[in-house]
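Have a look at the structure below, then the notes.
The values are calculated or read from the model by the stated rules, or taken from the named source; none is laboratory data. Here the structure is a predicted model, which means the values were calculated and not measured. Because the Cβ atoms are built from the backbone with ideal geometry, glycine has one as well, and the counts that use them run over all protein chains shown. These area figures cover heavy atoms from the full protein model, side chains too; ligands, DNA and RNA do not enter into them. Shrake-Rupley method; radii C 1.70, N 1.55, O 1.52, S 1.80 Å.
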Amino acid sequence: MRVGILGSGLMGGKLGTIFARAGHDVVFSYSRSKEKLNRLAREAGKTARAGTPAEAAQDADALLLAVHWSRVDDVLKQAGNLSGKVIVSCTLPMNADDTALVVAHTSSGAEKLAKKVPKARVVSAFGTVPSEVLFGVFAARRKARKPSLVYCGDESKSKKIAAELIHDVGFDPVDAGPLRIARYTEPFTLLIAQLAYEGDGGPELAYRFERFA
Ligand SMILES: NC(=O)c1ccc[n+]([C@@H]2O[C@H](COP(=O)([O-])OP(=O)(O)OC[C@H]3O[C@@H](n4cnc5c(N)ncnc54)[C@H](OP(=O)(O)O)[C@@H]3O)[C@@H](O)[C@H]2O)c1
């Protein structure tokens, strides 16, 4: 697939690298440093390149949205017309200092995103996993027992694309249902982050928590 990365930080940088190593054509975009995008593309291999958000979106079979909530409007504006595009979002609706969800309970960041781009097809995925474990999951992808990863969305074709990407990273994709299920997965992610960054066990503990949940 052609995968556009909108936001090439901890999540976008790692997932884009993994998608490229799994054989997808990847365009890294949206960083304050063009050199960083070039470096990511170089390190990800022959099927990756750096570009603008509009270039990442053009001809993309899937877009990974991986920016802070405060940057969503900006990156969507730069990406241009997203009609019909599959947007796989790991973006969480966090406040400026990342201490609380600004959308919760009766809606979710994923649903708000879908309202911002009504002609795109939004799937919520990868948000529940700490970026630190992604390369380890990819390295162990051929093992029989894969960790599971939940995703949700309202449309079957885009969910199939998301499930393929999730599988390629090394997870067993678990369909959690329609997009509104993100109301439960997004707060769940805060628990995962709490375990990963403030508990004793670090990201590995959080990752095991999801695997066994
Ligand atoms: N990190 C995790 O473990 C994790 C796990 C689950 C979900 N999430 C969610 O995933 C999303 C992305 O998280 P992250 O940790 O990957 O964030 P991050 O490392 O801060 O990456 C965000 C990307 O946006 C870019 N950016 C920020 N401001 C910009 C601007 N003004 N112009 C252009 N580019 C700009 C950053 O550029 P630079 O390259 O210049 O920094 C970076 O490439 C967030 O919504 C987060 O809540 C993260």
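May I ask you to say which residue of 82, 92, 63 is closer than 17 Å to residue 188 by Cβ and among the aliphatic types (A, V, I, L, M)?
92
Can you say whether residue 177 is at pLDDT 95 or above and closer than 21 Å to residue 2 by Cα, as far as the supplied structure shows? Against the criterion (at pLDDT 95 or above and closer than 21 Å to residue 2 by Cα), residue 177 does not qualify.
For residue 59, the test of being free of Cβ contacts under 8 Å to residues at least 60 places away in the same chain and outside any loop (DSSP other than H, G, I, E, B) is failed.
Looking across the stretch 56-72, the residues that are buried (at least 18 other Cβ atoms within 10 Å of the Cβ) and away from the ligand (no atom under 11 Å from the Cβ) come down to 56, 57, 60, 62, 63. Considering only the stretch 26-47, I want to know if a residue exists there that is more than 8 Å from the ligand (Cβ to nearest atom), open to solvent by less than 10 Å² (accessible area, probe 1.4 Å) and closer than 20 Å to residue 160 by Cβ. Scanning the stretch 26-47, I find at least one residue that is more than 8 Å from the ligand (Cβ to nearest atom), open to solvent by less than 10 Å² (accessible area, probe 1.4 Å) and closer than 20 Å to residue 160 by Cβ, so the answer is yes. The condition of being more than 14 Å from the ligand (Cβ to nearest atom) and in a helix (DSSP H, G or I) holds for only one of 119, 115, that being 115.
Out of everything in the stretch 104-130 that is aliphatic (A, V, I, L, M) and touching a residue at least 60 places away in the same chain (Cβ under 8 Å), what residue ends up being farthest from residue 191 (Cα to Cα)? Here the residue is 114.
If the condition is being without any contact (Cβ under 8 Å) to a residue 24 or more places away in the chain, of a type outside the set (D, E, K, R) and within 23 Å of residue 168 (Cβ to Cβ), then the stretch 32-56 contributes 41, 50. Taken over the stretch 141-178, the residue count meeting the criterion of being assigned to a loop (DSSP other than H, G, I, E, B) and open to solvent by less than 30 Å² (accessible area, probe 1.4 Å) is 4. When we screen 76, 92, 10 for residues that are in contact (Cβ under 8 Å) with a residue 40 or more places away in the chain, farther than 26 Å from residue 154 by Cβ, within 18 Å of the chain's Cα centre (by Cα) and within 13 Å of the ligand (Cβ to nearest atom), the only hit is 10.
When restricted to residues that are within 16 Å of the ligand (Cβ to nearest atom) and of a type outside the set (A, V, I, L, M), the stretch 126-147 contains 10.
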